[in-house]
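Presented below is the structure to which this report refers.
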Amino acid sequence: MRRLLLCLCLICSNITAQEVVNDVSGLNPVAVARVVVPRSEQDVIDALRSHVGPVSIGGGRYSMGGQTAADGALQLDMRGLDQVLAFSAERREIRVQSGITWRAILEYIDQYDLSPQVMQSYANFTVGGSLSVNVHGRYVGEGAIAGSVKAIRVVLADGHVVDATPSKNAALFHGVIGGYGGLGVIVEATLGLVENTRIARESQVMALQDYQPWFYREIASQPDLVMHNGILYPDDFSTVRAVSYRRTEAALTEPDRLSPRQQGSHLQRAGIRLSSSPSGIKLREAALDPLLFRSPKVQWRNHEASLDVSELEPISGTNFSYVLQEYFVPPAQLERFIGELARLTHKHQATLINVSIRHAKADTDTLLSWAPEEVFALVLYYRQGTSDTDRQRAAAWTQELIAAALRCGGRHYLPYQIHASREQFLQAYPKAPQYFALKRELDPTYRFRNRLWDAYYRP
């Protein structure tokens, strides 16, 4: 009886009744039964054992297709689990609760001159969210974050807690990372760290046809390169600005060790606004970006790692949203896919603002791997309207892009709007049946749900 009363008090103190949750795009309102904000592992266990219906899991809510919520579900808002649990500078690792943000980790480890081995470009995300979608960044010689994770701790649907590593409970480890909250609740993670070094930015412009050989010659083979991405200008899709960050001992031009929490230069925001039209993209390519990149920049690795999404604001409004898509293709298919991207973008008159090219090594272990072989990633940043017609137009464009990626031996990334057919999903992720078999074993009553799994999973 005492335990029952404790659970009831805990739940009542942390619940907001009948809440509509959304993500950063503003495009996916979901009416959940209620929201619980756990503050401990035991809170998660108690919430799962006291609730008999579906459960969804949310963090920073930076996915863009309802991957953190399900209609009528109990949503676990994991941002209350935000503590550092253990740290070793000697072993270069940190153990954290899953609701902590990368910004908080950077603030903790920066004093020890350490940096995350792999993270996404912005530091606002929670660790649990990053692991659930198996993020990647701009780090040269790295790939998905799964390669930098040493251990996770997961609460299963029945409330049991399991520790998993790449060698212990490996099937769970490789299913949960990149598993979009379908197998269990990540409550802890142990992450690898590397040295926080000074990095110098370099930038040069080249024709698309020259980019790939240049990348392998000047980036992939250079041990002192830390980060890299290419900016593909979506006016005629023929020019790439390569932006790289190299280890250096040069004097800092940016003395701050971390980026400010509120960011975004007038030039950068002007570039986003300009890119809403073909003429604006040409102006950005010819005049604005040369201004942004002309000055030498030497900073700490952690300064670049701590970028804040505020530099992109406003992300959404009543009648518009800036949205992401991402596609992964084998290196030999890069130019072919870009040709299809250009054709389909013009065909559907999509307002494509920017395309960022990254590189990732293979991840052959996670069940829903987006890089079963070495890939180039293309991150699309575009603007769309919010009307039914605008949504249908965006869906048609996306479905054709997914088909093009599949023809090139590639695939789409799953944290964004859910436009792929089930057949496209299964073709893109051929180990999905193994993931589904594991889900049936660990979650036989389909408790862990969200709109992604409601679209593709068959209990």
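Run residue 121 past the list (1) of a type outside the set (A, V, I, L, M); (2) surrounded by fewer than 19 Cβ atoms within 10 Å (Cβ to Cβ); (3) over 28 Å from residue 355 (Cβ atoms) and report the number of the one that doesn't hold.
Of (1) of a type outside the set (A, V, I, L, M); (2) surrounded by fewer than 19 Cβ atoms within 10 Å (Cβ to Cβ); (3) over 28 Å from residue 355 (Cβ atoms), only one is false for residue 121: (3).
Yes/no matrix, rows are residues, columns are (1) farther than 27 Å from residue 446 by Cα; (2) free of Cβ contacts under 8 Å to residues at least 60 places away in the same chain; (3) in contact with an Asp or Glu (Cβ under 7 Å, 6 or more places away or on another chain):
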residue	(1), (2), (3)
55	no, no, no
79	no, yes, no
91	yes, yes, no
97	no, no, yes
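Hey, any hits in the range 180-196 for a residue that's touching a Leu at 6+ places or on another chain (Cβ under 6 Å), of a type in the set (S, T, N, Q), in contact (Cβ under 8 Å) with a residue 40 or more places away in the chain and over 21 Å from residue 444 (Cα atoms)?
Among the residues of the range 180-196, at least one is touching a Leu at 6+ places or on another chain (Cβ under 6 Å), of a type in the set (S, T, N, Q), in contact (Cβ under 8 Å) with a residue 40 or more places away in the chain and over 21 Å from residue 444 (Cα atoms), which makes the answer yes.
Could you grab me the full set of residues in the range 359-388 that are farther than 16 Å from residue 138 by Cα, of a type in the set (A, V, I, L, M) and either loosely packed, with under 15 Cβ neighbours inside 10 Å or under 16 Å from the mean Cα position of the chain (by Cα) (or both)?
Selection gives 368 alone.
Which residue pairs have Cβ atoms closer than 8 Å, lie 6 or more positions apart in sequence or on different chains, and pair a first residue in the range 393-415 that is at positive phi with a second residue that is buried (at least 21 other Cβ atoms within 10 Å of the Cβ)?
Short answer, once both residue conditions are applied: 409/329.
Could you tell me whether the range 295-303 includes any residue that is touching a helix residue (DSSP H, G or I) at 6+ places or on another chain (Cβ under 7 Å) and under 30 Å from residue 166 (Cβ atoms)? Spell out how you get there, then give the answer.
Keep residues of the range 295-303 that are touching a helix residue (DSSP H, G or I) at 6+ places or on another chain (Cβ under 7 Å), which gives 302.
Then drop every residue that is not under 30 Å from residue 166 (Cβ atoms), which leaves 302.
Scanning the range 295-303, I find at least one residue that is touching a helix residue (DSSP H, G or I) at 6+ places or on another chain (Cβ under 7 Å) and under 30 Å from residue 166 (Cβ atoms), so the answer is yes.
Could you count how many residues in the range 410-459 are outside any loop (DSSP other than H, G, I, E, B) and either under 22 Å from residue 377 (Cβ atoms) or within 18 Å of the chain's Cα centre (by Cα) (or both)? Lay out the reasoning, then the answer.
Step one: filter the range 410-459 for residues outside any loop (DSSP other than H, G, I, E, B), giving 411-412, 422-428, 432-442, 448, 451-456.
Going one step further and asking which of them are either under 22 Å from residue 377 (Cβ atoms) or within 18 Å of the chain's Cα centre (by Cα) (or both), we end up with 411-412, 424-428, 432, 435, 451-453, 456.
Adding up the residues that qualify gives 13.
Kindly indicate which of 42, 111 is within 22 Å of residue 247 (Cα to Cα) and outside any strand (DSSP E or B). Show your work before the answer.
Working: 42 fails: within 22 Å of residue 247 (Cα to Cα).
Residue meeting the stated conditions: 111.
Could you list all residues from the range 116-146 that are in contact with an Asp or Glu (Cβ under 7 Å, 6 or more places away or on another chain) and either hydroxyl-bearing (Ser, Thr, Tyr) or over 16 Å from residue 96 (Cα atoms) (or both)?
Matches in the range 116-146: 122, 143, 144.
Considering only the range 158-181, I want to know if a residue exists there that is of a type in the set (S, T, N, Q), surrounded by 20 or more Cβ atoms within 10 Å (Cβ to Cβ) and either in contact with a Phe, Trp or Tyr (Cβ under 8 Å, 6 or more places away or on another chain) or not assigned by TED's automatic domain parsing to the domain that holds residue 288 (or both).
From the range 158-181, those of a type in the set (S, T, N, Q) are 165, 167, 169; that's our starting set.
Still in the list and also surrounded by 20 or more Cβ atoms within 10 Å (Cβ to Cβ): none.
No, there is no match, as no residue in the range 158-181 is of a type in the set (S, T, N, Q), surrounded by 20 or more Cβ atoms within 10 Å (Cβ to Cβ) and either in contact with a Phe, Trp or Tyr (Cβ under 8 Å, 6 or more places away or on another chain) or not assigned by TED's automatic domain parsing to the domain that holds residue 288 (or both).
Would it be correct to say that residue 285 is of a type outside the set (Phe, Trp, Tyr), over 20 Å from residue 227 (Cα atoms) and surrounded by 21 or more Cβ atoms within 10 Å (Cβ to Cβ)?
On the way: of a type outside the set (Phe, Trp, Tyr): yes; over 20 Å from residue 227 (Cα atoms): yes; surrounded by 21 or more Cβ atoms within 10 Å (Cβ to Cβ): yes.
Against the criterion (of a type outside the set (Phe, Trp, Tyr), over 20 Å from residue 227 (Cα atoms) and surrounded by 21 or more Cβ atoms within 10 Å (Cβ to Cβ)), residue 285 qualifies.
Kindly indicate which of 329, 355, 379, 323 is hydrophobic (A, V, I, L, M, F, W, C), without any contact (Cβ under 8 Å) to a residue 60 or more places away in the chain and within 21 Å of residue 234 (Cβ to Cβ). Give the steps one after another, and end with the answer.
On the way: 329 fails: without any contact (Cβ under 8 Å) to a residue 60 or more places away in the chain; 355 fails: without any contact (Cβ under 8 Å) to a residue 60 or more places away in the chain; 323 fails: without any contact (Cβ under 8 Å) to a residue 60 or more places away in the chain.
379 is the lone residue from the list that is hydrophobic (A, V, I, L, M, F, W, C), without any contact (Cβ under 8 Å) to a residue 60 or more places away in the chain and within 21 Å of residue 234 (Cβ to Cβ).
The values are calculated or read from the model by the stated rules, or taken from the named source; none is laboratory data. Because the structure is a prediction, the values reported are computed rather than measured. Please note: Cβ atoms are built from the backbone with ideal geometry, for glycine as well, and neighbour counts cover all protein chains shown.
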